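Visitor: Handing you a structure now.
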Amino acid sequence: MKNINLKILFGTMVIALAASCSDILEETPRDSYTTEYFKTEQGIQGGMVALYSHTRYIFGQYYYAAQENGTDEYTYAQSADNNFKDTDMSGAGSLNPSSCRSDVLWNEAFSNINTANGILKFGGEGGLSEALLSEARFWRAWDYFELVQTFGGVSLDLGSGELEFNTGASRTSTRNTVPEVYTKAIFPDLKTAVTNLPDKARVEGGVTKTAARLYLAKAYLTYGWWLQNPGNIPTYPECPRTDPDGHDAAWYFQEAYNVALEGIANPGKNFSDKVFGLQPYFYDVNLGSNDRNSEIVLYSDHVQDEYYNQASLSYSNGTAPESFSSWFVNCNTGNIRSSADGGATYGLASVQREAIQWGGRPWTRMAPPIEVFTNTFADKTNDSRYDGTFATVYPGNWNKNSADANKTAVNANKLPVRPGEAVLTFLDEDNPAVVYPLGGGESNVGAGTLPGRSDWVIAPSGISRIYYPGLWKIGTYRTDNGTGLGQPNGALTRPWNIAKFSEFYFIAAEAAVKGATGTQSARDLINVIRARAGKWRFSNNGQWSGNGTKIANNSAAMVAATPATIDINYILAERSREYFGEGYRWLDLVRTQKWAEIAKTYTICGTAVGDHTPVSVTRTIEAYHYLRPIPQAQIEGMTMSADEKKAYQNPGYN
């Protein structure tokens, strides 16, 4: 709990503070904060802890919905409220300054930036090593990079001058331009961090040269797109799309390529002495028992300890700093029914909530459209990433609840099913032989049957807002379940992965598509990723039908299927296959200005149980939507004129 207090103590005094922090300030009114504690070794250490812990207040919560909903990866599901509907852009909600959940980033980033400012000011005066100072530089750059991608230009002056530590309350603000944020804050901090951060992490999860290189390359790439502006998307605050340092977009694309290749060639190590690099199999990247592996360059840590996790292990209220986003993408499989009396009645809850990676707590807030299964993951045979991304098979586990310990149940087609066998399967392909019932049917979830199969089935064209495959890769993983169901209602105890080594290949490939040249082409780089995706050591979903052990090497087929000429749409498709549902997608589509093109329409069945009639939905994505609205609380909290407040807000949201 100590780091919560430090977060408040070192937080900036601009009105961007969250409401909970404002309450604390009202209880202890003051015009300024003393800096004496910050000059102590304990104060600096506390500030360093806060730099890392602030990510818990961003990732794993509603910010995730803002980064995924409204893209080609997710839409709102049956139980969604406006936290999810507003960003869908389909008319179900309305994206506005009062409800957009990108406010999470705004409310957290500025306080952390000020903490970094304080460490750099007082730590430098106190002789703190440049390696430690560069950890603060990295996090300040990281926050500004997230902000500028999401909101456009933001303030570099929190009340005491540009990039200065602020000790007094400030109720006015002036936004810097996008080029100023990049060239005054992001690039200088990251370049210094690359020079001075260690090759090996100082602490578990600590930032390294590798992390700094990754974000420097990505920032160069993103800024190059911004300068080029192929879709003629407006910027704000308005300014010429010229670089203060005199470089053009091509220069930045080349630098992104160069730095990314430097990162691949000089991987460094994590705290556990593991050299950063690709895992041999895609399945292992997101396997719960393999968390904090050598492919993860940056993560927001959570642990299986209530005190240090700042969350109950048995129940969660769904509030920061808990991690609970995986619940959003789980449909309510607890509604599935089988028969415990030989098929006379179907009242056995055969798939129960379990604290396991395919399970967890079901909220049914976000659903993947049908095109995810028919287009994005069209190749489910050679490419292991579909199997390593989704939970498409739900096994019986009623035996783990002592009240329902029947050894055998009756399921589809009056056939027997045993614990650990498939009760409900989302099919890889459509099958005209599937017969669906009217309404919920015996399965209670509207699932169909196939001759000779004991599992209920739903084909890709039958995926709806109420029943759909869950996102296995970010699901629950715990080690304290014993032989029971465990605690599926507790907040997640897994780290939230923020950045992966694999992205070096994607950044370099995207830069090559934009004209960068070097020793490896875009196709060469993408094929490193695709070759890995063709390797199988296990079938995640096949295990429930007895085919879990799958040894296959389809790398040659994957590489051969890569187009001879790679374009940006192919890069984006590969990024979705690699990082599906991890919170990358909205920023990827905004960076490349492809959001309106790629996510304009989607298909999905409705919200009623048993609805298997696909409906096409069209989104309205305007040019101004490429920036999120400044939170209304920020606008209302500033003591500026009505015209000044209006000018502060991004156009289109007043």
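Where a number appears in this text, it was derived from the coordinates with a stated rule and is not lab data. Please read all numbers here as calculations on a predicted model, not as lab measurements. Positions of Cβ are generated from backbone atoms using ideal geometry, with glycine treated the same way; all protein chains shown enter the neighbour counts.
Visitor: Ordered by residue, what ³J(HN,Hα) values in Hz, to whole numbers, does segment 102-115 give under the Karplus form 6.51 cos²θ - 1.76 cosθ + 1.60, where θ = phi - 60° and Gly and Pro are x?
Guide: Here the 3J(HN,Hα) series is 5, 4, 4, 5, 4, 5, 9, 5, 5, 5, 6, 4, 5, 4 Hz.
Visitor: Right, here's the next one. In whole percent, what relative contact order does the chain give with Cα contacts below 8 Å and a gap of six or more residues? Each step should come with its number before you reach the end.
Guide: Working: 1398 pairs, mean separation 117.2, N = 654.
Worked out over the chain, it gives 18 percent.
Visitor: Over all alpha-carbon pairs of segment 224-295, lay out the pair-distance distribution in 5 Å bins, whole %, shortest bin first.
Guide: 3, 13, 15, 13, 11, 10, 11, 14, 9, 2
Visitor: 5 Å is the cut-off here: which amide hydrogens, built 1.01 Å from N in the peptide plane, fall below it relative to residue 383, excluding neighbours closer than 5 in sequence?
Guide: Amide H neighbours of residue 383: none.
Visitor: Another question, if that's okay. To the nearest 20 debye, what charge dipole does segment 398-556 have about its Cα centre, counting +1 at the Cβ of each Lys and Arg and -1 at the Cβ of each Asp and Glu?
Guide: Values: 17 positive and 11 negative charges, 86 e Å.
In total the dipole reaches around 420 debye.
Visitor: Starting with the highest mean, order 633-643, 175-185 by the number of other Cβ atoms within 10 Å, averaged over the residues of each peptide. Mind showing how you got there, number by number?
Guide: On the way: 633-643: 14.3, 175-185: 20.9.
With the highest mean Cβ count within 10 Å placed first, the list reads 175-185, 633-643.
Visitor: Cross-link partners among lysines for residue 535, C-alpha distance below 26 Å, same-chain residues fewer than 8 apart left out?
Guide: Candidates past the 8-residue exclusion: 269, 274, 380, 473, 500, 550.
Visitor: Here is a follow-up. For labels at residue 408 and residue 603 in the simple 7 Å Cα→Cβ model, what's the distance in nm?
Guide: It works out to 4.1 nm between the two label points.
Visitor: For residue 457, which sequence-distant residues (separation of 5 or more, or a different chain) have an amide H within less than 5 Å of its own amide H, given hydrogens modelled in the peptide plane?
Guide: Counting only residues 5 or more places away or on other chains, the set is 425, 448, 449.
Visitor: Dipole size in debye (nearest 20) for segment 178-224 around its Cα centre, Lys and Arg Cβ +1, Asp and Glu Cβ -1?
Guide: Details: 7 positive and 4 negative charges, 23 e Å.
Charge dipole, segment 178-224, about its Cα centre: 100 debye, nearest 20.
Visitor: Mind checking which of 475, 505, 440 is farthest towards the positive end of the chain's charge dipole, using Cβ charges of +1 (Lys, Arg) and -1 (Asp, Glu) about the Cα centre?
Guide: 440
Visitor: List the residues whose amide H sits under 5 Å from the amide H of residue 367, counting only those 5 or more places along or on another chain, with H placed 1.01 Å from N in the peptide plane.
Guide: HN-HN under 5 Å from residue 367: 75, 76, 77.
Visitor: Determine the shape class of segment 397-525: with a ≥ b ≥ c the square roots of the Cα gyration tensor eigenvalues, call it rounded for a/c under 1.5, and otherwise prolate if a/b is greater than b/c, oblate otherwise. Before the final figure, lay out the partial values.
Guide: Working: a/c = 3.28, a/b = 1.65, b/c = 1.99.
It comes out oblate by the Cα gyration axes.
Visitor: Helix-only mean residue ellipticity at 222 nm, the chain, DSSP H runs n ≥ 4 weighted -39,500 (n - 2.57), per residue, nearest 500. What is it? Intermediate values should be presented prior to the final figure.
Guide: Details: 20 runs with 198 residues, N = 654.
The helix contribution divided over the chain gives -9000 deg cm²/dmol.
Visitor: Which ³J(HN,Hα) values in Hz, rounded to whole numbers, follow from the phi angles of segment 259-274 under the Karplus curve 6.51 cos²θ - 1.76 cosθ + 1.60, where θ = phi - 60° and Gly and Pro get x?
Guide: Couplings: 5, 5, 5, 4, x, 5, 6, 10, x, x, 9, 8, 4, 7, 6, 8 Hz.
Visitor: Still on this structure: Let me check I've understood the local charge: for residue 640, count other residues with C-beta under 11 angstrom from its C-beta, Lys and Arg +1, Asp and Glu -1. What total comes out?
Guide: On the way: positive: 171, 645, 646; negative: 636, 643, 644.
So the surrounding residues net to 0.
Visitor: Related question: Using the crude model of +1 on Lys and Arg Cβ and -1 on Asp and Glu Cβ, and no other charge, please compute the dipole size for the chain relative to its Cα centre, in debye to 20. If you can, show how the numbers build up before the last one.
Guide: On the way: 56 positive and 68 negative charges, 243 e Å.
In debye, rounded to 20, the chain gives about 1160.
Visitor: Which links in 39/191; 218/514; 121/218 stretch past 21 Å when you go from one Cα to the other?
Guide: Working: 39/191 26 Å; 218/514 13 Å; 121/218 27 Å.
In this structure, 39/191; 121/218 exceed 21 Å between Cα atoms.
Visitor: Within the set of other residues whose C-beta is less than 13 Å from the C-beta of residue 227, count the net charge using Lys and Arg as +1 and Asp and Glu as -1.
Guide: Values: positive: 241, 514, 591; negative: 243, 245, 248, 255.
Counting the neighbours of residue 227, the net charge comes to -1.
Visitor: Could you order peptides 491-504, 106-119, 589-602 by the average number of other Cβ atoms within 10 Å of their residues, highest first? Mind showing how you got there, number by number?
Guide: Numbers: 491-504: 23.4, 106-119: 26.4, 589-602: 19.5.
Going from most to least packed, we get 106-119, 491-504, 589-602.
Visitor: For residue 646, list the aspartates and glutamates whose Cα falls under 17 Å from its own Cα; do not include residues on the same chain fewer than 8 positions away.
Guide: 238, 636
Visitor: Then there's this: Given (i) 49; (ii) 40; (iii) 12 as candidate values of percent of Cα pairs over 49 Å apart, which corresponds to the one derived from the coordinates?
Guide: Given (i) 49; (ii) 40; (iii) 12, the structure-derived one carries the label (iii).
Visitor: Arranged from highest to lowest average of other beta-carbon atoms within 10 Å per residue, in what order do the peptides 546-559, 436-449, 397-410 appear? Can you show the working numbers first?
Guide: Working: 546-559: 13.6, 436-449: 19.5, 397-410: 15.9.
Going from most to least packed, we get 436-449, 397-410, 546-559.
Visitor: Also: Grab the other residues whose beta carbon is less than 15 angstrom from that of residue 194, score K and R as +1, D and E as -1, and report the net.
Guide: Taking every other residue near residue 194 into account, the sum is +1.
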